[in-house]
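Q: Before I ask anything, here is the structure I am working with.
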């Protein structure tokens, strides 16, 4: 069991926020921002839609802890943490595929490495706390501009108590071929994690950001309420891939939003496997002509889980295009909901959107819902929506079993096939991890 | 090799097969013919324990009682039954399925090599192999995919249910030749369910079984096929007339 070097007692008040800010040696403006956000948080209520949040008690969480001081090298990372990483295949992954790794434990980035050639090109890949101190001008220009504390209850909470996260800056014309990767994990129960990730890709730049979450130790309810803000400038591209596998006692309530300028491309690839309940709808604000937004989402809801996921595409300029592909699997008493918004503003003439959401239900007790919303304020747009719900067919299972597969292998293969259109878009090692996690779930061997 | 002992098969309340007693030997090829609804496909499905039916009686494989064995256990023992209408498996390729089925037995690269080789032999488009199994394929391609699976799994009892339906002359010849090479062997039992004697020009059967109303009404040599081609199943008393040909 990890013994945190610094941990605040449970509960949330102005004093707690002051302590967080002081411990981080933050500038005054950030403390003010936090206190203001806390005021907004107090004025808001839990949403009366989405997942059941009645058991979530904000005063029963500790909002800040630092497990270890900052470490420079891999060899200094404690053994039990490494074991978790090993199971996830991170060290090899780092050697082979990755341009940089930053791993967040509880609330602070403890290990990060950035390859030399990226630094030379002017790329910044660091933790958000460092960015506040080291790049104040750049940081303040973008911070909380897309997801202000007023946006929703969890964004307000995040703004008040945030800690850690990644900061990525890709200069004009710089194209990063290898994915930037960050793994997050909570391994102390009852500790909320409230990171902020801020990504800026300048004109003509390109990057792929990857994050994965896993929570190896389970205790009482935990909360993960992150904010992700992405700015994709003219003709730039960003792909943001998430594999979410929080333990089944974590509320995962995350706000992700991207601003996409002229001819820029933003892609959210979102895999939700874990957590008790997730509410997450990555958004693209298509503000520039011919901007393109895309969300590919896979969610798996096992017994006791509710995955309320989807996407938002807001077309605010001419000839913008978007595509949402969502696949959900519900097993046992699990519940998956697709919640999506496609909106065409008055300036969006000549734009088009395509939505496809498919649900696979494995048992009679599993549940799937679809809540698509379309708002159109202009003519001359194209909007296509497809939705399917299917059950695991006995005929298909029989076919596979007649070729020698056992029932759980056959079910696993059908589920893999169902989500394969999204898996194909995920880098191989993430896709195989996601597939492995899903197969473990199909075998019922993980909680 | 395979023995059905007093096998009775019901679907809900409907009796489909009644007190079947059949014995299939190694090294022999059997043909099962009969009018639509005579119970041929149900017989095939009962060999792989399709849970859609209710069974009474016993099934033996190499003298071992397999009556209570599951579908996958029977497949693992060496029983293969092709599907008349193979199910569409979206996102799963032939390779994905075979990789999972044969894992720990055959190396992955070897599976791939064998698939490519077999596809070449029966002139199956490589694109069909890479894409979702049985999805948007022609009738002929679906049958070829079944035969390739049978070859890879290398079973001892092979039941092809209407594997020749909807095939053009060339495809029929290719498939039949492959079946002949792979499954007409001393250690294998080949059972062909068909409506059409065309395939039997390539695969000469040792024994012909005629089914009607859930029973085997006659059993005999290849000459039976000629009689059926001439007279059909209707309009004459099979049992009485064919019994003269029985040997």
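The values are calculated or read from the model by the stated rules, or taken from the named source; none is laboratory data. Keep in mind it's a predicted model, so treat the numbers as computed, not measured. Cβ sites come from the backbone with ideal geometry, for glycine too, and all protein chains shown count toward neighbours.
Q: So, in segment A:406-420, how many residues would count as being more than 7 Å from chain B (Cβ to nearest Cβ) and either assigned to a strand (DSSP E or B) or surrounded by fewer than 18 Cβ atoms within 10 Å (Cβ to Cβ) (or both)?
A: 2
Q: Given the structure, is residue A:393 within 10 Å of chain B (Cβ to nearest Cβ) and free of Cβ contacts under 8 Å to residues at least 24 places away in the same chain?
A: In short, yes.
Q: Follow-up. For the structure I just gave you, tell me whether residue B:89 is touching a strand residue (DSSP E or B) at 6+ places or on another chain (Cβ under 7 Å) and buried (at least 17 other Cβ atoms within 10 Å of the Cβ).
A: Yes, satisfied.
Q: Additional query: Within segment B:155-175, restricting attention to residues that are part of a loop (DSSP other than H, G, I, E, B) and in contact with a strand residue (DSSP E or B) (Cβ under 9 Å, 6 or more places away or on another chain), which residue is farthest from the other protein chains (Cβ to nearest Cβ)?
A: This residue is B:164.
Q: Somewhere in segment A:370-379, is a residue buried (at least 18 other Cβ atoms within 10 Å of the Cβ), away from every other protein chain (no Cβ under 12 Å) and touching a residue at least 12 places away in the same chain (Cβ under 8 Å)?
A: Scanning segment A:370-379 turns up at least one residue that is buried (at least 18 other Cβ atoms within 10 Å of the Cβ), away from every other protein chain (no Cβ under 12 Å) and touching a residue at least 12 places away in the same chain (Cβ under 8 Å).
Q: Another one. Suppose we keep only residues that are out of contact with any strand residue (DSSP E or B) (no Cβ under 9 Å at 6 or more places or on another chain) and farther than 30 Å from residue A:234 by Cβ within segment A:296-336. Which one would you say is surrounded by the most Cβ atoms within 10 Å (Cβ to Cβ)?
A: A:303
Q: Among the candidates B:72, B:18, which residue alone is more than 14 Å from residue B:209 (Cβ to Cβ) and without any contact (Cβ under 8 Å) to a residue 60 or more places away in the chain?
A: Answer to the check: B:72.
Q: Let me spell it out: the conditions are (1) assigned to a loop (DSSP other than H, G, I, E, B); (2) crowded, with 24+ Cβ neighbours inside 10 Å, and residue A:288 meets all of them except one. Which number is the exception?
A: For residue A:288, the exception is condition (2).
Q: For a quick check of your reading: which helices (runs of 4 or more DSSP H) sit entirely within segment A:112-208 and have at least 1 residues that are modelled with pLDDT of 90 or more?
A: Of the helices (runs of 4 or more DSSP H) lying wholly inside segment A:112-208, those with at least 1 residues that are modelled with pLDDT of 90 or more span A:128-134, A:136-142, A:153-161.
Q: Of all residues in segment B:136-146, which are under 18 Å from residue A:402 (Cβ atoms) and either surrounded by fewer than 19 Cβ atoms within 10 Å (Cβ to Cβ) or within 13 Å of chain A (Cβ to nearest Cβ) (or both)?
A: B:142, B:145, B:146
Q: Of the conditions (1) assigned to a helix (DSSP H, G or I); (2) within 9 Å of chain B (Cβ to nearest Cβ); (3) more than 25 Å from the chain's Cα centre (by Cα), residue A:403 satisfies every one except a single condition; which number is it?
A: (1)
Q: While we're on this one: Any residue that is assigned to a helix (DSSP H, G or I) and surrounded by fewer than 18 Cβ atoms within 10 Å (Cβ to Cβ) - is there at least one of those in segment B:199-214?
A: Yes, because at least one residue in segment B:199-214 is assigned to a helix (DSSP H, G or I) and surrounded by fewer than 18 Cβ atoms within 10 Å (Cβ to Cβ).
Q: Which number in (1) without any contact (Cβ under 8 Å) to a residue 24 or more places away in the chain; (2) away from chain B (no Cβ under 13 Å); (3) part of a loop (DSSP other than H, G, I, E, B) marks the one condition that residue A:440 misses?
A: (3)
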